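**Student:** Handing you a structure now.
The values are calculated or read from the model by the stated rules, or taken from the named source; none is laboratory data. Values in this document were obtained by computation on a predicted structure and should not be read as measured data. Cβ coordinates were reconstructed from backbone atoms using ideal geometry, including for glycine residues, and neighbour counts include every protein chain displayed. Heavy atoms of the whole protein, side chains included, go into the accessibility calculation; ligands, DNA and RNA do not. Shrake-Rupley method; radii C 1.70, N 1.55, O 1.52, S 1.80 Å.
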Amino acid sequence: MKIMMTGNYASAYGAMAAKAEVVAAYPITPQTSIVEKIATLVSSGEMKCQYVKVESEHSAMAACISASQTGARAYTASSAHGLTLMHELLIWASGARTPVVMSNVNRAMGPPWSVWADQHDTMAQRDTGWMQVYCDSNQEVLDSIIMAYKVGERADIMLPSMIIEDAFILSHTMEPVDYPDPELVEGYLPSFDPRFRLDVDEPYGFGSLVMPNWYMEFRFKINEAMEKTRGAILEAEKEFEETFGRSYGGLMDFYKCEDADAVLVLAGTVASTAKHVADKLRSDGKKVGVARLRCFRPFPYDEVRQLAKMTNIIGVCDRSYTFGHWGPMATEVKGALYGLADVPTVKNYIMGLGGKDLTPEVLEKVFVKTLQLKDTGLDTEIEWIGVTGHGGW
Amino acid sequence: MSREELKKEFKTFEDLPLTPITSVPSSANQTGGWKTFRPVLDKEKCIKCHICWKFCPDVSIKAKEDEFPEFDYDHCKGCGICAYECPKDAIEMILEEESQ
Amino acid sequence: MNSGHVGCLGCGACHAMRYTLKALGPRTIMSIPACCWAVMPGVFPLKCLEIPLLNTAFETTGASISGIRAALDAKGIEDVTVVGFAGDGGTADIGIQALSGMVERGTDVMYIMYDNEAYMNTGIQRSSSTPIGAWTTTTPVGTTRDWKKMPKKNMIEIMVAHKIPYTASISVGYPEDMIKKLRKAKEIRGPKFIQIYAPCPTGWRMAPELTIEVCREAVACAAYPLYEVENGVYKITRKPKELKPVKDYMAMQGRFRHLPQEELDDIQRKVTQEWEILLKKEEFTQSLVSE
């Protein structure tokens, strides 16, 4: 059934389609319409879940973790300051092996206050042990929530995921979205049934003190599970395509990269804009491509190395930053290429922070800059794009 | 992993459950070695009121109805609450070394 | 509860747990944040409690039990008691937000704060529940007389202000009263807050065998009155005919050893006044009901 809906509504409908049993969430711009929509769906009886209107994001994650440990499928949503407030518990959720799914609306961090799109909030959580999926359409948002439970709830994985959408560009923009047939979803995603849970008939203690002799082994097990997610995500997507007819390119989606002279690596909605620009440039005879980074965790090493075989110049576009170093995506792309015999030139662009608009004109300039490196070689490792008064902007 | 599969002996990381799931009763930890003093019961004075059992923080006194309380010296830490609370002064705390 | 836990000699929190479990029974799920009881069951894979136990982050107890209850409701499981068992630090300080939210939402859970009057697990640092005049490692006496100057935060009154259906203070020195109030609370639907006076010989600088005696002294001088408030109506459950002087209670504990006479007099005045106010509250709220 096709409905016109915003990315936020797609998140709410995704949670409903996946039959989340406990939702604990706290409002924050620009995620508010997710929690409001869920409230409407619950009050109309369409969504059957326990909705806990917690008093902070930290409590939202705490309630989701304990609900998951009691055996319920848990969902929450947040953004920027809410997400970063949860940081302690994001690490807890993966440590406790609770497959919570969270929608995060990528919003810039203050100060200065900003409500617009920027990926710093989620990039800063990359060490927490959560899978991260960056979406570039509302349909992908809805579908990825269902797939996230499918992957996360596997007994050999049991890890949480965040499904990420850009502030306002996806969260508040309407697109036609297919709400999947509940019967098909039921066949694709079985109910959550963890082996160990809080159960008075089979009492255990969870999360106790562990001495140095075993702590690292528990962390190693998380590492093993995260490594398994690479294959699990691809399997889940394959089955999704067979059931619903849609797929998104796995961990990294390649668009016209095979013979490209230069490829831009991007995540989020900027990647779709880049694809349009790439088409235009291709029609002008310029061979460019777009590699959309869909999963940042697990990091797609293999796909990046594949990309290195397709092209000699890669421009990694970070919509975030790490002061004192290159942007997070660029750092990790370069890391994945280390040790290869033929390493492409990699340049890092920092762009679009605080919602600074990434228009086709801006992206065309970036493509052109990147193509020029073929003749000039790498001019600078990192370039900030669009800063008024800097670098010609 | 069933309850039985939750191993008590861990040799490798594979023996561990997903997260620290505890299932072995803590009585396996014999805290009796902590004590400096141990309680000794004078059965002549004891009236079997079981107030000692009531106030033992370490669950180290067994008290069946109408029977003398028994001290679990493997776990008793020698805090002395039982001796202090006994209404008949029937419990004496003596130095652990002397009792050996 | 099993033996073999690693609580200190004479630990009052042990009694708190032992009697809580006796009162609530096996169909109980318990959530414990960072506190003495997070460590007392011992190291993995040992467990001290025979009920399901969830260890959680320090400030999350109120939210954690809300999540457990929501999950049980989602599964249609109705006959399980959900209990949060936290220390005074994790309740009155860092955990107060989650507790307040939990109560305000009317969550059907029990929150138990075992009060040893400081952050004992991390080594006796002051909490808002530390009484006035006490030495702690962060309110050492020194030459600047830096003992705790601010009064103890009254969590029961804070809960009454939330219009909680039931809140009570209990003490490990009075196990029958403990069990009675806990079982009463268990039968009430909605949020319940129980504060347990749990002396800590290590942190209070007293001999371990005095744990139960100090409970009696606390009630006898009204330093720690035992009362319950049900839907706003106060009932003092242990009324000494005549209050003993507070200094007798304080003399038992090394943490008050440094206090000069003028401070002791001031504390006595405050304790007497608080007791008078409590008596009046009981009288007044009960008169509203009988009208």
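**Student:** Considering only residues that are more than 12 Å from the chain's Cα centre (by Cα), open to solvent by 10 Å² or more (accessible area, probe 1.4 Å) and farther than 22 Å from A:Asp178 by Cα, which ones fall in region A:121-161?
**Tutor:** A:Ala124, A:Asp127, A:Gly129, A:Glu153, A:Arg154, A:Ala155, A:Asp156, A:Met158
**Student:** Shifting gears a bit: Within region A:142-155, does at least one residue satisfy the condition of being part of a loop (DSSP other than H, G, I, E, B), away from chain C (no Cβ under 14 Å) and touching a strand residue (DSSP E or B) at 6+ places or on another chain (Cβ under 7 Å)?
**Tutor:** From region A:142-155, those part of a loop (DSSP other than H, G, I, E, B) are A:153-155; that's our starting set.
With away from chain C (no Cβ under 14 Å) added as a condition, the list becomes A:153-155.
Cutting the leftovers down to touching a strand residue (DSSP E or B) at 6+ places or on another chain (Cβ under 7 Å) gives us none.
No, the conditions are met nowhere in region A:142-155.
**Student:** Still on this structure, please answer the following. Test C:Cys14 against the stated conditions and say whether it is open to solvent by 10 Å² or more (accessible area, probe 1.4 Å), more than 7 Å from chain A (Cβ to nearest Cβ) and either assigned to a helix (DSSP H, G or I) or touching a Ser or Thr at 6+ places or on another chain (Cβ under 9 Å) (or both).
**Tutor:** Judged against the criteria, C:Cys14 is not a match.
Results for (1) crowded, with 24+ Cβ neighbours inside 10 Å; (2) in contact with a Leu (Cβ under 6 Å, 6 or more places away or on another chain); (3) among the β-branched types (Val, Ile, Thr); (4) more than 25 Å from C:Tyr19 (Cβ to Cβ), shown as yes or no for each residue.
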{"site": "C:Ile51", "(1), (2), (3), (4)": "no, no, yes, no"}
{"site": "C:Thr56", "(1), (2), (3), (4)": "yes, no, yes, no"}
{"site": "C:Glu59", "(1), (2), (3), (4)": "yes, no, no, yes"}
{"site": "C:Ala70", "(1), (2), (3), (4)": "yes, no, no, yes"}
{"site": "C:Ala74", "(1), (2), (3), (4)": "no, no, no, yes"}
{"site": "C:Val82", "(1), (2), (3), (4)": "yes, no, yes, no"}
{"site": "C:Ala86", "(1), (2), (3), (4)": "yes, no, no, no"}
{"site": "C:Gly89", "(1), (2), (3), (4)": "yes, no, no, no"}
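**Student:** Please indicate, with yes or no, whether at least one residue in region A:159-170 is assigned by TED's automatic domain parsing to the domain that holds A:Gly14, charged (D, E, K, R) and under 14 Å from A:Gly14 (Cα atoms).
**Tutor:** Yes, because at least one residue in region A:159-170 is assigned by TED's automatic domain parsing to the domain that holds A:Gly14, charged (D, E, K, R) and under 14 Å from A:Gly14 (Cα atoms).
**Student:** May I ask you to list the residues in region A:166-214 that are farther than 30 Å from A:Thr269 by Cβ, touching a residue at least 40 places away in the same chain (Cβ under 8 Å) and part of a strand (DSSP E or B)?
**Tutor:** Within region A:166-214, A:Phe206 is the sole residue that qualifies.
**Student:** Of the residues that make up region C:76-93, is at least one within 7 Å of chain A (Cβ to nearest Cβ) and touching a Phe, Trp or Tyr at 6+ places or on another chain (Cβ under 9 Å)?
**Tutor:** Checked region C:76-93: no residue is within 7 Å of chain A (Cβ to nearest Cβ) and touching a Phe, Trp or Tyr at 6+ places or on another chain (Cβ under 9 Å).
**Student:** List pairs: first in region A:98-120 and in contact (Cβ under 8 Å) with a residue 60 or more places away in the chain and within 28 Å of C:Thr56 (Cβ to Cβ), second charged (D, E, K, R) and surrounded by fewer than 24 Cβ atoms within 10 Å (Cβ to Cβ), Cβ under 6 Å, 6+ apart or cross-chain?
**Tutor:** What qualifies is A:Pro99/A:Glu153.
**Student:** Can you pull out every residue in region A:49-76 that is more than 20 Å from the chain's Cα centre (by Cα) and β-branched (Val, Ile, Thr)?
**Tutor:** Correct list: A:Val52, A:Val54, A:Thr70.
**Student:** Conditions: (1) open to solvent by less than 10 Å² (accessible area, probe 1.4 Å); (2) closer than 11 Å to A:Ala24 by Cβ. A:Val52 meets all but one. Number of the miss?
**Tutor:** Unmet for A:Val52, out of (1) open to solvent by less than 10 Å² (accessible area, probe 1.4 Å); (2) closer than 11 Å to A:Ala24 by Cβ: (1).
**Student:** Right, next: Regarding region B:66-79, can at least one residue be identified that is over 21 Å from the mean Cα position of the chain (by Cα) and touching a residue at least 40 places away in the same chain (Cβ under 8 Å)?
**Tutor:** No, there is no match, as no residue in region B:66-79 is over 21 Å from the mean Cα position of the chain (by Cα) and touching a residue at least 40 places away in the same chain (Cβ under 8 Å).
**Student:** Within region A:89-110, can you find the residues that are surrounded by fewer than 22 Cβ atoms within 10 Å (Cβ to Cβ), modelled with pLDDT of 95 or more and not in a helix (DSSP H, G or I)?
**Tutor:** Matches in region A:89-110: A:Met109 only.
**Student:** Test each condition in (1) farther than 24 Å from C:Met159 by Cβ; (2) open to solvent by 70 Å² or more (accessible area, probe 1.4 Å) for C:Asp248 and report the one that comes out false.
**Tutor:** Result: C:Asp248 fails condition (2) only.
**Student:** Still on this structure, please answer the following. Scan region B:31-57 and report the pairs whose first residue is away from every other protein chain (no Cβ under 11 Å) and whose second residue is open to solvent by 80 Å² or more (accessible area, probe 1.4 Å), with Cβ atoms within less than 6 Å and a gap of 6+ or a chain change.
**Tutor:** B:Val40/B:Glu92; B:Lys45/B:Lys88; B:Ile47/B:Lys88
**Student:** Being of a type in the set (D, E, K, R), more than 14 Å from C:Arg18 (Cβ to Cβ) and under 16 Å from the mean Cα position of the chain (by Cα) is the filter here; which residues of region B:38-61 pass it?
**Tutor:** Hit for region B:38-61 is B:Arg38, nothing else.
**Student:** Just one of (1) open to solvent by 50 Å² or more (accessible area, probe 1.4 Å); (2) in contact with a strand residue (DSSP E or B) (Cβ under 8 Å, 6 or more places away or on another chain); (3) of a type in the set (Ser, Thr, Tyr); (4) under 30 Å from C:Leu21 (Cα atoms) trips up A:Ser208, so point out which.
**Tutor:** Of everything listed in (1) open to solvent by 50 Å² or more (accessible area, probe 1.4 Å); (2) in contact with a strand residue (DSSP E or B) (Cβ under 8 Å, 6 or more places away or on another chain); (3) of a type in the set (Ser, Thr, Tyr); (4) under 30 Å from C:Leu21 (Cα atoms), A:Ser208 misses just condition (1).
**Student:** Moving on to the next point. For region A:162-204: of the residues being open to solvent by less than 30 Å² (accessible area, probe 1.4 Å), closer than 30 Å to A:Thr84 by Cβ and over 24 Å from the mean Cα position of the chain (by Cα), which is farthest from the other protein chains (Cβ to nearest Cβ)?
**Tutor:** A:Pro194
**Student:** Quick check on A:Met86: is it under 23 Å from A:Glu239 (Cα atoms), assigned by TED's automatic domain parsing to the domain that holds A:Thr229 and open to solvent by less than 10 Å² (accessible area, probe 1.4 Å)?
**Tutor:** No.
**Student:** Examine region C:36-55 for a residue that is over 30 Å from C:Arg205 (Cβ atoms), assigned to a helix (DSSP H, G or I) and within 9 Å of chain A (Cβ to nearest Cβ), and state whether such a residue exists.
**Tutor:** Our first condition is that a residue be over 30 Å from C:Arg205 (Cβ atoms); within region C:36-55, this holds for C:44-45, C:47, C:50-54.
Still in the list and also assigned to a helix (DSSP H, G or I): none.
Within region C:36-55, not a single residue is over 30 Å from C:Arg205 (Cβ atoms), assigned to a helix (DSSP H, G or I) and within 9 Å of chain A (Cβ to nearest Cβ).
**Student:** Sticking with this structure for a sec: Residues that are surrounded by fewer than 16 Cβ atoms within 10 Å (Cβ to Cβ), part of a loop (DSSP other than H, G, I, E, B) and away from chain B (no Cβ under 14 Å): does region C:259-278 have at least one?
**Tutor:** yes
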